[in-house]
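The values are calculated or read from the model by the stated rules, or taken from the named source; none is laboratory data. As the structure is a computational prediction, the values presented were derived from the model and not from experiment. Neighbour counts run over all protein chains shown; Cβ positions are idealised from the backbone, glycine included. Quick note on the areas: whole protein, heavy atoms, side chains included, nothing else; ligands and nucleic acids left out. Shrake-Rupley method; radii C 1.70, N 1.55, O 1.52, S 1.80 Å.
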Amino acid sequence: MVTSNNSLHLGRTSPARLWTWWEQLLRRERRLAVYGGLLLALVVPMLLAWGLDERTLRGANVWIKPIKFALSIALLAFTTAWFIGHLPTRHRDGPAVRRIAWLLIGSGSFEFLYILLQAALGQASHYNVGDLWHGAMYTLMGLGALLLTATQPMLAWQLWRHPDPQQAPAHRLAMLLGLWLSFVLGAGAGILLGDRQPPDAAAGLPLLGWALGGGDLRPAHFLGLHAEQLLPLAALWLRDRRAVIGLATAYSLAFLALLLWGLG
């Protein structure tokens, strides 16, 4: 397990522990921490709207999609901010980190605000290409999603060039692999998903809407995107780099199985 002050401590959650975690996040990368916090704050009025608004699109309430995207982008912002904390102080304030932070904020905001607008209008944001405006916006959403995930290998490059000497080697490897896999697997499944509309949410899991009978790429997309969180968390209990490589290989195979299931 990582033993430095930059460690991710797991255990009983308490208000004091959450506040300490938030203070650390602000010290690591204030822009991304505040951005993620704002997205979480916006979830509250959207939850209220979900309870009051009965409109649906393809079997799901219109507010579910912007809520899920707000949570996903907030998690990405928090994870990126946390990992930036492993860089030396002088590099945290450098131009490379500024580019990563503002690219994430800009592309994430574009994605979320368009999805939010379409939800308020009761219209689809994804696969809505019936006219020039919506077709262009859907294309731009695809580009925005690619740029959003591209921030992760950009960060991995900085972390590889400027290693944290206090970070356990196995955890550092899991972090780097997780960042790259989030881009390669998450963006790869996202590109396939962009041309393949999933089944209606009414026939799938509650809230997530994933189809249980196959033919849905969203589970693979989800697993790919969250490699950067799941691999480093699992590696907190691993001390050997070979074990981390084995874990990353198993993770990739699980992704491939879900991908084939989704294409079926």
For the pair GLN166 and ASP195, how long in nm is the line joining their label points, each one 7 Å along Cα→Cβ?
-> 4.8 nm
Using the alpha-carbon centroid of each, what span in Å lies between the range 60-75 and the range 216-263?
-> 23 Å
Residues in the range 155-186, backbone N under 16 Å from the label point at ILE245 (7 Å along the Cα-to-beta-carbon vector): list them, ranges by number please.
-> 169-178
Report the extension gain between GLU23 and SER109 in nm, rounded to one decimal, defined as 0.36 nm multiplied by the number of residues separating them, less their alpha carbon distance.
-> 28.6 nm
Accessible surface of the range 33-176 [probe 1.4 Å, protein heavy atoms]: carbon and sulfur percent | 71 percent
Peptides ranked, highest mean first, by Cβ atoms within 10 Å: ranges 226-238, 50-62 | 226-238, 50-62
Enter the accessible area per residue of the chain (Å², integer; probe 1.4 Å; all protein chains in place).
-> 51 Å²
Top positive-direction residue, dipole computed over the chain with Cβ charges, set HIS221, LEU18, PRO169 = PRO169
If one takes the longest principal axis of the Cα atoms in the chain, at what angle in degrees, from 0 to 90 and to the nearest 10, does the Cα axis of helix 15-28 lie?
-> 80 degrees
Among LEU40, GLY94, SER72, whose Cα sits farthest toward the positive end of the charge dipole of the range 22-142 (+1 at Cβ of Lys/Arg, -1 at Cβ of Asp/Glu, about the Cα centre)?
-> GLY94
